[in-house]
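The values are calculated or read from the model by the stated rules, or taken from the named source; none is laboratory data. Being a predicted model, the structure only gives us computed values, none of them experimental. Glycine also receives a Cβ, built like all others from the backbone with ideal geometry; neighbour counts cover every protein chain displayed.
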Amino acid sequence: MSLQVEAVPIEQLSINTIRTLSMDAVQAANSGHPGTPMALAPLVYCLWQRVLRFDPENPIWMNRDRFVLSAGHASMLLYSILHLTGVKAVNAKYERVGELSIKLEDIEHFRQLNSKCPGHPEYRWTSGVETTTGPLGQGVATSVGIAMAGRWLAAHFNRPGFELFHYNVYALGGDGCMMEGISSEAASLAGHLKLSNLCWIYDNNRISIEGRTSLAFSEDVATRFIAYGWNVTRVGDVNDLEMLERAFRVFQATQDRPTLIIVDSHIGYGAPHKQDTSEAHGEPLGEEEIRLAKRYYHWPENEKFLVPDGVREHFQEGIGKRGAQLYTEWSTLFESYQKQYPELADQLRRIQWRELPDGWDRDLPSFAPDPRGIATREVSGRVLNALAKNVPWLVSGSADLAPSTKTRLTFEGAGDFEANTYGGRNLHFGVRELGMSAILNGLALAKVRPCGSTFLIFSDYARPAIRLSALMEIPVIYIFT
């Protein structure tokens with residue numbers, strides 16, 4: 001290893017490892033998006049190493065904090081941190097298999113067939129990926145559903161002395177996510193519901209594919225989110241780790257609303273000819289530009305896919321030890337919970353493994369032939385209510401059409417999911433079909449069993465999120481009438 005690298009403090013060395021792995025992977029694939037990982041490496045480092053309640057050995061721990069990369073094109077940012085923190089792989093049966101989720105060879109084969117590092121993050125394919133992202137705005141909207149699930153699980157399963165669920169959700173998006181209409185739908189609802197366990201991080205680099213964002217985007221994002229009912233804070237330089245951590249601590253201390261952290265960054269940071277240009281966004285930098293950027297980082301200019309000695313160990317001392325301790329404490333708490341609340345513990349076990357309860361199909365209504373007939377949506381509503389009685393973690397909602405689609409749960413105790421009363425099983429999405437569908441995905445990813453409805457003709461509004469439901473193979477129920 002070069003003396004240049006050894007002279008760099010370990011935190012900066014770790015950040016630059018994320019940057020250089022990302023540059024090298026995109027260059028080797030001759031395809032991809034290097035600029036955002038280069039810019040946001042300090043942010044991801046700070047969040048994972050200093051803040052995130054996450055155990056790399058147990059990446060599907062129910063009370064883990066979630067990190068959603070809504071700007072899915074910056075996938076190497078996520079793959080690099082998953083590799084360096086040593087996140088372990090989990091198979092389709094939710095069993096840990098003992099090997100790394102992402103090996104260095106996977107990064108070397110970024111965007112190649114069968115690599116665990118596809119161009120955009122894919123749920124079920126790569127452990128540590130909380131949701132499939134790529135279509136901009138989908139990730140931030142899905143994070144609202146994950147946050148709602150956290151509140152619902154806490155309302156149903158937490159007991160005095162047993163705070164099993166209190167996880168936070170962090171979603172990282174860029175200018176494109178802020179422009180997409182789905183983010184407006186989801187942010188509006190999140191603010192209305194006062195989801196204080198939700199933090200969106202807005203990468204304000206002012207660059208899009210066509211050039212400066214000022215070509216098409218000039219709104220005051222901070223004021224917009226204040227109007228939605230969010231707390232808004234700003235970090236003026238993404239390279240300032242102390243200010244980043246302070247912003248995350250402000251979020252954690254905010255108890256009555258979600259938080260938006262606006263972070264100013266420089267896309268392609270360190271590349272002398274492409275920093276702050278659209279050329280750094282969606283194409284390889286080129287060998288010469290990479291060499292010059294590595295020189296700026298005090299990095300060996302000709303080394304490829306280098307992980308210096310001490311970097312992995314540094315992450316192990318940080319998130320590795322912290323996460324293991326948090327998971328051990330939670331597991332000990334859950335063992336006591338099982339003894340005191342065995343029925344609730346059994347429900348949680350079934351939720352985690354996506355199993356249905358015994359007798360989930362008992363007392364389903366039957367309908368004899370009737371010359372007068374009965375509306376199919378009326379039949380559907382009765383069946384849904386019977387199922388929901390048998391499956392305590394089934395929740396139902398609609399895009400302001402429950403009286404027409406007959407998807408309201410009407411039995412005693414069903415209740416409404418509302419701000420500060422999160423135990424209800426009827427969800428109200430308002431007239432937000434696309435936002436609803438992405439939020440349903442988030443609920444399902446957190447293992448709650450969601451049902452959403454609208455008129456069939458409006459399914460066109462929801463189609464992009466329905467496509468992701470299918471790609472992720474998650475059990476979202478759609479009722480179209």
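Among the residues examined, E289 does not qualify as surrounded by fewer than 16 Cβ atoms within 10 Å (Cβ to Cβ) and without any contact (Cβ under 8 Å) to a residue 40 or more places away in the chain. Residues of segment 210-252 that are in a loop (DSSP other than H, G, I, E, B) and either at pLDDT below 95 or more than 19 Å from A39 (Cα to Cα) (or both): A216, F217, S218, E219, D220, G229, W230. Of the numbered criteria (1) of a type outside the set (D, E); (2) assigned to a helix (DSSP H, G or I); (3) farther than 19 Å from E301 by Cα, the one R53 fails is (2). Pairs meeting the criteria (first residue in segment 15-32 and assigned by TED's automatic domain parsing to the domain that holds C46, second residue among the polar types (S, T, N, Q), beta carbons under 6 Å, at least 6 apart or on different chains) are I18/S80; L21/S80; S22/S80. For segment 156-200, the tally of residues that are among the hydrophobic types (A, V, I, L, M, F, W, C) and under 24 Å from Y341 (Cβ atoms) stands at 4. Tell me whether segment 381-402 contains one or more residues that are among the charged types (D, E, K, R) and surrounded by 22 or more Cβ atoms within 10 Å (Cβ to Cβ). Within segment 381-402 (the criterion being among the charged types (D, E, K, R) and surrounded by 22 or more Cβ atoms within 10 Å (Cβ to Cβ)), the answer is no, since none of the residues qualifies. Close contacts from segment 210-238, counting a first residue that is loosely packed, with under 13 Cβ neighbours inside 10 Å and a second that is among the basic types (K, R), with Cβ to Cβ under 9 Å and a gap of 6+ residues or different chains, come to S214/R206.
Look at segment 456-471: where a residue is within 13 Å of L440 (Cβ to Cβ) and a partner is among the aromatic types (F, W, Y) and not in a helix (DSSP H, G or I), sitting 6+ places away or on another chain with Cβ atoms under 6 Å, you get S459/F480.
Candidates are the residues of segment 389-443 that are under 20 Å from V169 (Cβ atoms) and among the hydroxyl-bearing types (S, T, Y); the one that is modelled with the lowest pLDDT is T421. Considering segment 86-192, the qualifying strands (runs of 3 or more DSSP E), each wholly inside and each with 2 or more residues that are surrounded by fewer than 23 Cβ atoms within 10 Å (Cβ to Cβ), run over 88-90, 96-100. Each residue in segment 333-384 was checked for being in contact with a Pro (Cβ under 8 Å, 6 or more places away or on another chain) and under 30 Å from H166 (Cβ atoms), and 4 of them qualify. If you go through segment 434-461 and keep only what is among the aromatic types (F, W, Y) and part of a strand (DSSP E or B), you end up with nothing. Of all residues in segment 27-56, those that are within 19 Å of G174 (Cβ to Cβ) and out of contact with any Lys or Arg (no Cβ under 8 Å at 6 or more places or on another chain) total 12.
Here I351 passes the criteria (1) in contact with a strand residue (DSSP E or B) (Cβ under 9 Å, 6 or more places away or on another chain); (2) farther than 25 Å from G145 by Cα except the one numbered (2).
Considered as a group, the residues in segment 265-322 that are in a helix (DSSP H, G or I) and among the polar types (S, T, N, Q) include one that is nearest to the chain's Cα centre (by Cα), and that residue is Q316.
Going through Q255, Q340 one at a time, which residue ends up being modelled with pLDDT of 95 or more, surrounded by fewer than 19 Cβ atoms within 10 Å (Cβ to Cβ) and outside the structural domain of L100 (by TED's automatic domain parsing)?
On the way: Q255 fails: outside the structural domain of L100 (by TED's automatic domain parsing).
One residue alone meets the criteria, Q340.
Exactly one residue out of L326, L387 is within 25 Å of the chain's Cα centre (by Cα) and in a helix (DSSP H, G or I), and it is L326.
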